Each structure stands twice: as C-alpha cells, then as structure tokens.
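**Student:** Okay, handing you the structure first.
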Amino acid sequence: MRIYNRVALRNVLDWHRLIPLSWASISRQTPHFGEQKRATASLLRKLTTGSSGGALKGLPHVQPRKYVQELECSTSLTQCLLEKQRAPVDGGSSEREEVISSLLDMGFTDVHIQELLSIQPSPHPQQLLAIISKLILLGVNPEPVCVALKKSPQLLKLPIMHMEKRSSYLRKLGIGEGKLKRVLHCCPEIFTMHQRDIDRIVKVLREKCLFTVQQVAEILHRCPYVLREDPGELEYKFQYAYFRMGVNHSDMVRTDFLQYSITKIRQRHTFLERLGRYQTPDKKGQTQILNPLVKDILRVSEAEFLSRTAYSTAEEFEVFKKLLAREEEEESESHMSGDESSSEEEEDEEL
C-alpha cells in the first residue's frame, strides 16, 4: 500500500512540474483576459482533480518536450501576426488608396485613375479628390474631367471656394450643369482665367454686338473658344459678318460663326465674292443671287468647300490666298503711313 502511495505521489509531482510550462505557454498564446480566466479555471479543476488521485485517467497523455515546443512555436507565430497588425500604416499610401476607391465609386476607370495620379506637378491626394468631386457634382462626366485636368493641370491648384464662386458665376451667365461639359472640354481655363477677362468678352457680346442674354449663353456654350479672343478682334469679326456678309444674330449663333478665325472667314468669303458666287445684301437684306449658306462656307473642309460651294480648284484657291495676304499687308502699311502723316499734320498745327 505504501509503495502504491509513493508511486501516485511521484506521478502527481511530475504532473505539477509540467503544469507551469503548459500554463505559461497557454497564457502567452491567449490574448484576451476572458480566455485567460477560462483557461486558468480549467487547469485548476484538472490539477485539483489530479492531485486528489481520482481522475488522472481522464487527462490526456502529455509528452512534455513535444507539447512545449508546439506551444512555443504557436506562440511565436501569434506574436508575429500581432506585430504586423500593430505596425504603423503609411499615411500617404492610405490616402492614396482612399482616393482610388472614391474615384472608382464615381465611375472612373483604372486607366483614368492612373492618368489622374500621374499628372505633374502632382497635387495632394485630398486636393485631387476635392477638385474632381466638385466637377462631378457640376454634371461633368469622368471622361471630360480627365481630359480637362490633363489639358489644364492648373485646375488642381484652385481652392474649392474659388471653384464654387466661379461655377456660381457661370450659372448666372447661363452655363449650368448641362452646358459646362462642352465648355470645360474646349476651354478648361474658364476656371483659372481672371473673371474680368470673361466680363470683357461678355460685355462685347452684349453691348457691342447686341446679342441677347440667351444668345450670349448659347454662344459661350457652343463657341467657348471666344473666351480666348481679344475683345477688339471679336467685335471686328461680328462687324464683318453682319455688315459685309449680311449674317444676322440668330444665324451667327446657330452656325457657330464666331468660333472660326477671321482669316478663314475672309479667305472663303472674299474668294466667293470674286467668283461672283456671293453678294453683300443691301439695306433691305436682299441680293440678286442666292448666297450659299454659312454652314456650306465655314463648317466644311476646304476640299468640300471648293468642290460643292466655290466650284473651283485647290490651285486657284492657293494663288488667291497669297494675293489676298499681299493686299492685306499693303492695306496695313497704307494705314500706318496715313496715321503717321496725320500725326505730323497735328504737330504742325500745334506749332
């Protein structure tokens, strides 16, 4: 009987030597406090039962070295994962990912996003997202937004408050959300140019050319290139169309007349005049021949203009353009000499 008790006592002591190693490993592997308490209670129950000598048979067979190595290996893996989770996240990379996610939600493709993020000089990701979001809210689709920002990267430097003020100003001119897409595509600097420059163009159209408010809005929508023109040259173009060609206001708006260069207009109109195929209308707006339509003069290629409107050859038109350029040069020289002579006469009178 004493021999049996000694064997049992030795088994209990061996088990006690194993428990601290197992408990230390399990406690390191259990990150949550609640799990530690449950593991402690379970071990205490097993230890108490085992030390009483009544339930050692229910315990699993433990191999000390192998069990401890497995626990330590598992512990090191857990600690490695935790360290990765606790590692600081790069702020710039996180912002970039947020911007990409937002652009995808707006409907931009991967190609668009790559082009936007490669614009130089590179803006701050949040500034890029703010400007793009504002343009999208104004009714501009992703494709035109991408084109406009590539053509005019200065847009990305604008404060959001400036964008809001300019968009409000454009609405007053009649360029709302539905019309802004074409304007931004043709003339993206409409957001970056000084407002006084826009006011000058609008003033010429309203006060010098006598277009209505609706016609001015339509011109800015259909021919946004006029915003880049010199106000004096724009007024001259209107006068040439109205007085020399007899084109009225509504026809200028409908045919996008003001978007064409004065050089192209004069070359084709004068060529038709000298061929006898165009006449300037009289005061009543009447002509002896039927003038070709403006769209058949300007809104066609040069080849189509020569074959269907002028009924002439490319060689004849080239010779005519050279002669016309020489005539204009001589006229400008005569005007300059006339101005000089008039100034000399004024000086003589003063003396």
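The values are calculated or read from the model by the stated rules, or taken from the named source; none is laboratory data. Quick caveat, the model's predicted, so the values are computed rather than measured. Don't worry about glycine lacking a Cβ; one is built from the backbone with ideal geometry, like all the others, and counts go over all protein chains shown. Accessible surface areas use protein heavy atoms only, side chains included; no ligands, DNA or RNA. Shrake-Rupley method; radii C 1.70, N 1.55, O 1.52, S 1.80 Å.
**Student:** Taking H as built 1.01 Å from N, whose amide H comes closer than 5 Å to the amide H of Val247, not counting residues under 5 places away?
**Tutor:** Placed amide hydrogens put Tyr242 under 5 Å from Val247.
**Student:** With the other protein chains left in place, how much accessible area per residue, in square angstrom, belongs to segment 260-331 at a 1.4 angstrom probe?
**Tutor:** Per residue, segment 260-331 has 65 Å² of solvent-accessible surface.
**Student:** Now for a different question. Starting at the first residue of segment 215-231, write each ³J(HN,Hα) from the Karplus equation 6.51 cos²θ - 1.76 cosθ + 1.60 with θ = phi - 60°, in whole Hz, x for Gly and Pro.
**Tutor:** For segment 215-231, the Karplus-derived couplings read 5, 5, 4, 5, 5, 5, 6, 7, 10, x, 5, 5, 5, 8, 7, 6, x Hz, x marking Gly and Pro.
**Student:** Rounded to the nearest Å, what's the spacing between the alpha carbon centres of segment 118-182 and segment 208-235? Just the number, please.
**Tutor:** After rounding, the separation between the Cα centres reads 22 Å.
**Student:** Continuing with the same structure: How much net charge surrounds Asn141 when only the other residues with a Cβ under 13 Å from the Cβ of Asn141 are counted, with Lys and Arg +1 and Asp and Glu -1? Don't jump to the answer; show the numbers that get you there.
**Tutor:** Numbers: positive: Lys181, Arg182; negative: Glu143, Glu177.
Charge balance in the 13 Å sphere: 0.
**Student:** Here's another thing I want to ask about it. So what are segment 213-327's ellipsoid semi-axes, whole angstrom, largest first, if each one is the square root of 5 times an eigenvalue of the alpha-carbon gyration tensor? Spell out each step's value before the answer.
**Tutor:** Numbers: eigenvalues 114, 57, 37 Å².
Sorted largest first and rounded, they come to 24, 17, 14 Å.
**Student:** What share of all Cα pairs of segment 260-331, in percent, falls into each consecutive 10 Å distance bin?
**Tutor:** With 10 Å bins starting at 0, P(r) equals 18, 52, 27, 3.
**Student:** Give the accessible surface of segment 193-259 per residue, rounded to a whole number of Å², with probe radius 1.4 Å and ligands, DNA and RNA excluded.
**Tutor:** 50
**Student:** Rounded to the nearest 0.05, what FRET efficiency do Ser93 and Glu189 give with R0 = 22 Å and r taken as the Cβ-Cβ distance? Could you check?
**Tutor:** With a Förster radius of 22 Å, E is 0.10.
**Student:** What is the gain in length, in nm to one decimal, between Glu328 and Lys284 on full extension, counting 0.36 nm per residue of separation less the C-alpha to C-alpha distance?
**Tutor:** Result for the pair: 12.9 nm of gain on full extension.
**Student:** Ok, one more. Ignoring any ligand, DNA or RNA, what whole percent of the accessible area of segment 252-308 comes from carbon and sulfur when the probe is 1.4 angstrom? Let's see the in-between values first.
**Tutor:** Details: 1560 of 3310 Å².
Using a 1.4 Å probe with all protein chains present, segment 252-308 comes out at 47 percent carbon and sulfur.
**Student:** If I take R0 = 41 Å and measure r between the Cβ atoms of Leu117 and Leu210 in this structure, what FRET efficiency does the formula 1/(1 + (r/R0)^6) give, to the nearest 0.05?
**Tutor:** 0.30
**Student:** In addition: Please work out the average accessible area per residue across segment 95-191, using the 1.4 Å probe convention, and give it in Å².
**Tutor:** I get 49 Å² per residue for segment 95-191.
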